[in-house]
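> My questions will all concern the structure given below.
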Amino acid sequence: MLQDIASGLVIGLAYAMIALGLSVIFGVLRIINFAHGEFYMLGGLMLYSLSSQGFSFFPALAGAVLGTMVVAIVIDGLVLKPLRRSDEVTIALATLGLSIFLSNVALVIWGPVPHQIVSPFSIDPLVLPGGVYLSRLELFAAAATLVIMLGMHLILQHTSIGRQMRAVVQDRDAAAVVGLNVDMIYQMTFAVGCGLAAVAGGLLGTMFLVFPGMGLQAVLKAFAVVVIGGMGSFSGAVVGGLLLGLAESVGGAWLPSGYKDIVAFIMIVVVLALRPQGLLGSKQVRVR
Amino acid sequence: MNSSRRLMLATIAAVALTSGAAISADKIPLGLVAPTSGSVALDGQQQVAGANFAVDEFNKAGGLGGKQVELFVEDGECKPASSTAAAEKLITRNEVVALAAAFCSSATKAVQPIAEKYQVPVINGISSDPSLTDPLRPWFFRTKIHNVIRGKYYAKFIADDLKLKKLAALAVDDDFGRSAVTAFTPVLKQYGTEFGLVRFFKHGEVNFISILNAAKQSGADGLFLVGEAQDGALIMKQYYQLGLKLPVVALGSFNTPQFFDAAGSAAEGVYNAEVWGEGIDNAAAKNFVSAWQQKNKGYPGLYAVSGYIELRTILEALKKADSTDRNKLKSTLETMSWESPIGTIKFDANHQAQTLMFVTKNESGKGVVVATFDTSKD
């Protein structure tokens, strides 16, 4: 039981990391990014390519994240920028198209075969009190999620760029009137959100395997997490991730594995029924 | 003028497109339904490589009286619905004279009625659900020994040689995994070994921590795994993550190059019972391996061999029947035999072959044969 709880918390933080990027993009751009899983996948596959080229793990991870952010900036310029004033459904459909496009491009480049990325950490697990085993990589990923979340929170609340982002969230037109470069902020936010997905893809891809289809599974979890935690809320993503990870892990120990995903959906239904804005989401009134 | 010309061009294009699929008179079309995408793609692509190897070999040797064979491959994703669609397409559009299908037992089971509907011989060298050849399906032939046959020999090895008494079974949730557990339960019991815990997982699952932890807590003295390379690699990686040290006895892809690639050092020490391994020394296997290594890097894996045997069996039947008539092929398959790398392929009354079986143990990236059984004896 202790092991299930510990594993659940750790995997939950990993889910939270995937969801963070999705939540940032939704919070600022108001885009439901269906292609988020594909940026996660790009992060993993680029890390695989770089590390199999001989780069060591952390430089390769940095390269994969930067590479994914560049792809995100290009895509923002080509696809999302022309649609800035379109309604949300159009943009959501565009990201759905992007998702299909990116996963097929990845199929062409990397092929359908899953690859393993060699972990920078020893394969021997750490034994914690209570006979709980956790791998070093799992713990690193969990710590990275917390650090990134804290960093994002500090940037948003205490820096000029954070204030600018919040201003754009509140009222895009007013922000533009007072001289903020709204387009730049959108582009940067999208790139950062996708970069976060790439970090998650790299770390989780190393834990599991990387292949072009890996994004779908991840994005479904990420959507579950943000719906439970609250769209656009960072702490909500972490709480949602932890809850989902715990429920799956503890539930998975007792339920047949086919039913494991039911836990997530039951949680979504309950949250939507009782608190539609998510556990930590706030009801937002937004001027457009 | 302009629009009528465009219409004409479109018509020509349409005719060209539809007739492109029709067979050219000088080639014999054969079909293969394999999972070239999805969670079994690792293995499926090897099957395709092996099948192509058999066809190239046949064509280079002159084909069938100068006629070359052409292999059409369709992706069945190891899913019943996609595999039936793929088989229908190969039979109706490519007009294949015989078919190899469809890797996973559940997918193969779905293709069987299609074979009967169109009366096309279907060869399978990978699926191991016993019910595929029991009762007899007249148009279906299997070169792969099924789980009951495997159980007979592997259970004895597990109980007598490895001395395991209580196993925790983690099996893929399809006809392959379920039939393995069902087939092994009674034979293991004969030797005084039991399953202390049985858990099924979905194809493509990534997080096995909770079921591995359940296995850890069950007090089992060994782990019984049934699955393919991708699932297997993740299970073994997470097995180490949980600090498990139980012996692992497996069925499936646990000695293939794809498994070694995906699992890395986590592959070490795993036992696997299959029709293939490293260091098989019968003449047919040696010939195949040396021919394979002239064209490909490395030792051929289980699924490359299986794809090769599936196609070779069809090609041998074509040669012996000296005809592309499907009924003649079927009756030839029923009586013929040939020496394959995995032993003699000869079909019994249920169209089931009894070949060699090898128990392998993974040592530094190789599945080394530790025991050989001839399942056609006794």
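> Identify all aspartates and glutamates with a Cα-Cα distance to B:K166 below 18 Å; exclude those on the same chain that are fewer than 8 residues away in sequence.
Candidates past the 8-residue exclusion: B:E194, B:D221.
> A further question follows. Give me the mean projected area, in nm² to one decimal, of the convex hull enclosing the Cα positions of region A:22-97.
5.1 nm²
> Which peptide among B:314-327, B:28-41 comes first, and what is the full order, when sorted by highest mean count of other Cβ atoms within 10 Å?
Result, highest mean first: B:28-41, B:314-327.
> Among residues other than B:F176 whose Cβ falls under 9 Å from its Cβ, what is the net charge (Lys/Arg +1, Asp/Glu -1)?
With Lys, Arg at +1 and Asp, Glu at -1, the net is -3.
> To continue, here is another question. Within 10 Å, count the other beta carbons around each residue, average over each peptide in A:81-93, B:182-194, B:160-172, and list them highest first.
Per-residue mean Cβ counts within 10 Å order the peptides as B:160-172, B:182-194, A:81-93.
> For A:V147 and A:L274, compute 0.36 nm times the residue count separating them, minus their Cα-Cα distance, and round to one decimal in nm.
Taking A:V147 through A:L274 to full extension adds about 42.6 nm, to one decimal.
> Moving to a separate point now. So for region B:226-378, what percent of the C-alpha to C-alpha distances run longer than 29 Å?
Counting pairs separated by more than 29 Å, the tail of P(r) holds 26 percent.
> Determine the principal axes of the Cα atoms in region A:1-149, then give the extent along each, sorted from largest to smallest and rounded to whole angstroms.
Principal-axis extents of region A:1-149 (Cα, largest first): 55, 34, 25 Å.
> What do you get when you divide the Cα radius of gyration of region B:275-314 by 2.2 N^0.38 Å, with N the number of residues?
1.08
> Moving on to the next point. What does the C-alpha gyration tensor say about the overall shape of region B:136-199? Classify as rounded when a/c is under 1.5, otherwise prolate if a/b is larger than b/c, or oblate.
Since a/c reaches 1.5 but b/c is at least a/b, the shape of region B:136-199 is classed as oblate.
> With no solvent and one equal point scatterer placed on each C-alpha of region B:181-316, evaluate the Debye formula and give log10 I(q)/I(0) for q = 0.15 Å⁻¹, two decimals.
-0.82
> For the pair A:R166 and B:A291, what calculated FRET efficiency results from E = 1/(1 + (r/R0)^6), where r is the Cβ-Cβ distance and R0 = 60 Å, to the nearest 0.05?
It comes out at approximately 0.35.
> Run the Debye formula on the Cα coordinates of chain A, all scatterers equal and no solvent, and tell me log10 I(q)/I(0) at q = 0.10, 0.13, 0.17 1/Å.
Debye curve over Cα of chain A, log10 I(q)/I(0) at q = 0.10, 0.13, 0.17 Å⁻¹: -0.52, -0.88, -1.46.
> Across region B:304-344, how large is the tail of the calculated P(r) beyond 14 Å, expressed as a percent of all Cα pairs?
43 percent
> What value, in deg cm²/dmol to 500, does the helix sum -39500 (n - 2.57) over DSSP H runs of n ≥ 4 give at 222 nm once divided by the residues of chain B?
The per-residue figure over chain B is -14000 deg cm²/dmol.
> Compare the Cα positions of A:G151, B:N327, B:I91 along the charge dipole of the protein assembly as shown (+1 at Cβ of Lys, Arg; -1 at Cβ of Asp, Glu; about the Cα centre) and return the one farthest towards the positive end.
About the Cα centre, the residue reaching furthest to the positive side is A:G151.
> Most fluctuating residue of A:L45, A:L128, A:L139 in a GNM of chain A with Cα springs under 10 Å: which is it?
Among A:L45, A:L128, A:L139, the largest mean-square fluctuation in the Gaussian network model of chain A belongs to A:L128.
> Taking the Cα centre of each part, how many Å lie between region B:38-70 and region B:160-180?
Here the answer is 33 Å between Cα centres.
> Separate question: Using the 2.2 N^0.38 Å rule of thumb for compact globular proteins, work out how region A:160-247 stacks up: its C-alpha Rg over that value, please.
Ratio of Rg to 2.2 N^0.38 Å for region A:160-247: 1.33.
> Now for a different question. Given a Förster distance of 30 angstrom, what is the FRET efficiency for B:T335 paired with B:A283, based on the Cβ-Cβ distance and rounded to 0.05?
Here the calculated transfer efficiency is 0.80.
> Using bins 20 angstrom wide from zero, how does P(r) for the protein assembly as shown break down, in % of all Cα pairs?
18, 45, 30, 7, 0
> Return the carbon/sulfur percentage of the accessible area of the protein assembly as shown, one whole number, probe 1.4 Å, all protein chains in place.
About 62 percent, which is the carbon plus sulfur part of the accessible surface.
> How large is the dipole of the protein assembly as shown about the Cα centre if only Lys and Arg carry +1 and Asp and Glu carry -1, each at its Cβ, rounded to the nearest 20 debye?
Rounded to the nearest 20 debye, it is 940 debye.
> Please label the shape of region B:311-378 as rounded, prolate or oblate, based on the square roots a ≥ b ≥ c of the eigenvalues of the alpha-carbon gyration tensor (a/c under 1.5 means rounded; beyond that, a/b larger than b/c means prolate, else oblate).
The shape class here is prolate.
> Now for a separate question. Stokes-Einstein at 4 °C, 1.567 mPa s, Kirkwood radius from Cα pairs: D for region A:1-53 in µm² s⁻¹?
Once the numbers are plugged in, D ends up at 100 µm²/s.
> Averaged over its residues, how many other protein chain Cβ atoms are within 10 Å of peptide B:33-41's Cβ atoms?
3
> Further question on the same structure: Could you tell me whether region A:78-224 comes out rounded, prolate or oblate from its Cα gyration tensor? Rule is a ≥ b ≥ c as square roots of the eigenvalues, rounded for a/c under 1.5, then prolate if a/b exceeds b/c, otherwise oblate.
Oblate is the answer for region A:78-224, as a/c is 1.5 or above yet b/c matches or exceeds a/b.
> Give me the compactness ratio for region A:131-288, meaning the Cα radius of gyration over 2.2 N^0.38 Å.
1.19
> Taking every pair of Cα atoms in region B:66-198, average 1/r, invert it to obtain the Kirkwood radius, and report Rg/Rh to two decimals.
Ratio of gyration radius to Kirkwood radius for region B:66-198: 1.09.
> Additional query: Give the angle, between 0 and 90 degrees and rounded to the nearest 10, that separates the Cα long axis of helix A:88-110 from the longest principal axis of the Cα atoms of chain A.
50 degrees
> Gaussian network model of chain B, Cα springs within a sub-10 Å range: biggest mean-square fluctuation belongs to which of B:A263, B:A284, B:A215?
Among B:A263, B:A284, B:A215, the largest GNM mean-square fluctuation belongs to B:A284.
> Of all beta bridges DSSP finds with both residues in the protein assembly as shown, what is the antiparallel percent, to the nearest 5?
35 percent
> I would also like to ask the following. Can you tell me the orientation of helix A:57-75 relative to chain A, as the angle in degrees between its alpha-carbon axis and the longest Cα principal axis, to the nearest 10?
On a 0 to 90 degree scale, this one is about 30.
> Let me ask something else. Mean separation of Cα pairs under 8 Å and 6+ residues apart, divided by the residue count of chain B: what relative contact order is that in percent?
17 percent
> Hey, another quick one. Just list whichever of B:K189/B:K216; B:K144/B:K320; B:K89/B:K330; B:K109/B:K144; B:K67/B:K144; B:K60/B:K297 have alpha carbons separated by over 24 Å in the model shown.
As for pairs spanning more than 24 Å Cα to Cα, those are B:K67/B:K144.
> Could you sort A:S122, B:S340, A:S103 by accessible area so the largest value comes first, with the probe set to 1.4 Å?
The most accessible residue leads, giving A:S122, A:S103, B:S340.
> Run the quick spin-label model on A:V108 and B:Y191: label points 7 Å from Cα toward the beta carbon, then report their separation in nm to one decimal.
Output for this residue pair reads 5.2 nm.
> Same structure, new question: Just to be sure I understand: of the beta bridges DSSP finds with both ends in region B:217-352, what percent are antiparallel, rounded to 5?
For region B:217-352, the DSSP antiparallel bridge percentage is about 35.
> Give me the percent of Cα-Cα pairs in chain B that sit more than 31 Å apart, rounded to a whole number.
35 percent
The values are calculated or read from the model by the stated rules, or taken from the named source; none is laboratory data. Being a predicted model, the structure only gives us computed values, none of them experimental. Note: ideal-geometry Cβ built from the backbone for every residue, glycine included; neighbour counts use all protein chains shown. For accessibility, only protein heavy atoms count, side chains too; no ligands or nucleic acids. Shrake-Rupley method; radii C 1.70, N 1.55, O 1.52, S 1.80 Å.
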